[in-house]
Amino acid sequence: MDRILEYKIRADDLDATVGGILSKVLKQCMGLTPHEISHAKFTPGGLMVVRDGNQAGLYESVTVKDKVVPGDTVRVMFTDNTDEQEERVEAVEGSVDILYEDEDVVVLNKPTGIVSHPSHGHHKDSLANYLAGYYKRYGKSGRFRVVGRLDKDTSGAILFAKNAPAAARLFRQKEDGVFRKTYLAVCANPPKNNEKRIWNVIDDPIGPIPGTLMKQQIMQPPEGKSALTRYICRGSFDHGCVMEAEIDTGRTHQIRVHLASVGHPLIGDKLYGEELETGRFADRALLHAWKMTFRHPFGSEIINITAPIPDDMEKYL
């Protein structure tokens, strides 16, 4: 969907913008990137101003070279072009559990057993399809971008951006380490003494096992790509433990591979786990995207989200 930003010029903005040059206002005061400024420049109605004292509130088109004065209101419009990085998702009726929503983002609580986004073999039964169906029900746009997918069997918080500039800013937050996720993993084997009550780091590259569809392994570059996982034990039981984990990279199956490599395969993980005793199996690898933190893409507000613990993990906690 289109996104409009407005900013009213203040007297103390003039020094930082060389007397109110619009290109400086867009960058210094509104925090726009060069790509966003260029997008607005070449969009009809993309850059407009309501001059101070204009009683009718009429906007006039401006260029980045024009000047504004205190009291003027700058309006920037971004259009969501159909050739952007994500196609329109087909709307399908289904259930969605919304944890947080505003005009730019929506965070869902993803159940286990469902893929995040349409993919091979899952063109109409993904969480994104059901989100599009939810918006169609209320006459809203069905175009959005997933920011950080979750594996089919992983439950928990997943973030969607509702417009292109919000998505771009959130992806930059991932690169800069501002966007963070905390996972809970129920693992086999109680913690070792050196793992208790401290953050441990696994910094081993991960790459695909040749001849397999999705399975990964620790392997050296160039085949292996850098992957860093931090984990801490938050509790233990007779035959296992609950680990809290954070990742700086988003490699396929990263937490599952890394924790298995230090002797803590996820309970229920038939791909990287081990033959556990009868009664210790689960229907899936017990991994949950528990908490999410990010800065609002068009403001300074830090948003913290917590996804409720699913029933199949609750008994271990």
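In table form, for the structure just shown:
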{"quantity": "The stretch 114-159 - residue that is of a type in the set (Asp, Glu) and within 22 Å of Tyr183 (Cβ to Cβ) and, of those, nearest to the chain's Cα centre (by Cα)", "calculated": "Asp151"}
{"quantity": "Residues (part of a strand (DSSP E or B), buried (at least 17 other Cβ atoms within 10 Å of the Cβ) and in contact with a His (Cβ under 9 Å, 6 or more places away or on another chain)) located in the stretch 200-221", "calculated": "Ile202, Ile206, Gln216"}
{"quantity": "Criterion (surrounded by 22 or more Cβ atoms within 10 Å (Cβ to Cβ) and assigned by TED's automatic domain parsing to the domain that holds Cys241) met by exactly one of Ala132, Ala166, Ala185", "calculated": "Ala185"}
{"quantity": "Test result for Glu223, modelled with pLDDT under 95, touching a strand residue (DSSP E or B) at 6+ places or on another chain (Cβ under 8 Å) and under 30 Å from Arg3 (Cβ atoms)", "calculated": "no"}
{"quantity": "Conditions (1) surrounded by fewer than 17 Cβ atoms within 10 Å (Cβ to Cβ); (2) among the charged types (D, E, K, R); (3) closer than 30 Å to Lys136 by Cα; (4) modelled with pLDDT under 90: number failed by Asp80", "calculated": "(1)"}
{"quantity": "So Leu127, is it out of contact with any Ser or Thr (no Cβ under 9 Å at 6 or more places or on another chain) and either of a type outside the set (Asp, Glu) or on the phi > 0 side of the Ramachandran plot (or both)", "calculated": "no"}
{"quantity": "Residue that is modelled with the lowest pLDDT, among those in the stretch 188-199 that are over 26 Å from Asp311 (Cβ atoms) and either polar (S, T, N, Q) or surrounded by 19 or more Cβ atoms within 10 Å (Cβ to Cβ) (or both)", "calculated": "Asn194"}
{"quantity": "Residue pairs meeting the criteria (Cβ under 9 Å; at least 6 apart or on separate chains; first under 19 Å from Leu287 (Cβ atoms), in the stretch 184-198; second part of a loop (DSSP other than H, G, I, E, B) and among the β-branched types (Val, Ile, Thr))", "calculated": "Leu184/Ile309; Ala185/Ile267; Val186/Ile267; Cys187/Ile267; Ala188/Ile267; Glu195/Val262"}
{"quantity": "Long-range neighbours under 9 Å by Cβ, at least six apart or interchain, first residue under 14 Å from Tyr183 (Cβ atoms) and assigned by TED's automatic domain parsing to the domain that holds Val106 within the stretch 303-317, second surrounded by 12 or more Cβ atoms within 10 Å (Cβ to Cβ) and at pLDDT below 95", "calculated": "none"}
{"quantity": "Options Ile303, Ile247, Ile255: the member that is hydrophobic (A, V, I, L, M, F, W, C), surrounded by fewer than 19 Cβ atoms within 10 Å (Cβ to Cβ) and under 30 Å from Asp102 (Cβ atoms)", "calculated": "Ile303"}
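Each row is one residue, and each column tells you yes or no for (1) surrounded by 13 or more Cβ atoms within 10 Å (Cβ to Cβ); (2) touching a residue at least 40 places away in the same chain (Cβ under 8 Å); (3) assigned by TED's automatic domain parsing to the domain that holds Lys136.
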residue	(1), (2), (3)
His35	no, yes, no
Phe42	no, no, no
Gly53	no, no, no
Tyr59	yes, no, no
Asp66	yes, yes, no
Val69	yes, yes, no
Val105	yes, yes, yes
Leu108	yes, yes, yes
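For every residue, the table says whether it meets (1) more than 30 Å from the chain's Cα centre (by Cα); (2) small (Gly, Ala, Ser).
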site	(1), (2)
Asp2	no, no
Ser23	no, yes
Leu26	no, no
Val49	yes, no
Val74	no, no
Glu93	no, no
Glu103	no, no
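The values are calculated or read from the model by the stated rules, or taken from the named source; none is laboratory data. Predicted model, so just to flag it, every value in this text is computed and none were measured. Note: ideal-geometry Cβ built from the backbone for every residue, glycine included; neighbour counts use all protein chains shown.
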